[in-house]
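Colleague: Okay, handing you the structure first.
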Amino acid sequence: MKITSIIAIYFLLWVLSAFLVMPFGLRTHDDEAAETVPGQVTSAPVNFDPRRIALRATILAALLCGFYYFNYVYGWITADDIDLSWIWN
């Protein structure tokens, strides 16, 4: 596998990971009993920290990319291992 392919797969997994880890640990204005400005939705996060989300996404994407790469090299799970016959029957 070329390094450019690994980088592209890592980037895709990073974006997926960022969306997966984003809601964890967020507190809303209702949870914190914080004041809102007029027009602000009460479900807006109080403690949004993009650095924390980026760090979590980086770690998760590195793990997923590592699993993907080692599966590619060692062939733990192949297309033949996945039985999709139940879909068409």
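Throughout, read-outs are computed from the coordinates displayed, never taken from laboratory work. This structure is a prediction, so every number in the text was calculated from the model and none was measured. Ideal geometry is used to build each Cβ from the backbone, glycine not excepted, and the neighbour counts take in all protein chains shown.
Colleague: Where nothing but the Cβ of Lys and Arg (+1) and of Asp and Glu (-1) is charged, how large is the charge dipole of the chain around its Cα centre, in debye to the nearest 20?
Modeller: Charge dipole of the chain: 400 debye, to the nearest 20.
Colleague: How large is ³J(HN,Hα), in whole Hz, for each residue of segment 14-29 in order, when computed from phi with the Karplus curve 6.51 cos²θ - 1.76 cosθ + 1.60 and θ = phi - 60°, using x for Gly and Pro?
Modeller: 5, 5, 4, 5, 4, 5, 6, 8, 4, x, 6, x, 7, 10, 8, 5
Colleague: Further, regarding this structure: Over every pair of different alpha-carbon atoms in the chain, take the mean of 1/r and invert it; report that Kirkwood radius in Å.
Modeller: One decimal place: 16.3 Å for the Kirkwood radius.
Colleague: Just want the ordering: TYR69, TYR74, from fewest to most Cβ atoms lying within 10 Å of their own Cβ.
Modeller: TYR74, TYR69
Colleague: Still on this structure, I have one more. For the chain, what is the calculated [θ] at 222 nm in deg cm²/dmol (nearest 500), taking -39500 (n - 2.57) for each run of four or more DSSP H residues and dividing by its residue count?
Modeller: Result for the chain, helices only: -18500 deg cm²/dmol.
Colleague: Taking 0.36 nm per residue of separation and subtracting the Cα-Cα distance, what length does fully extending GLU35 through PHE70 add?
Modeller: The GLU35-PHE70 span can extend by a further 7.7 nm.
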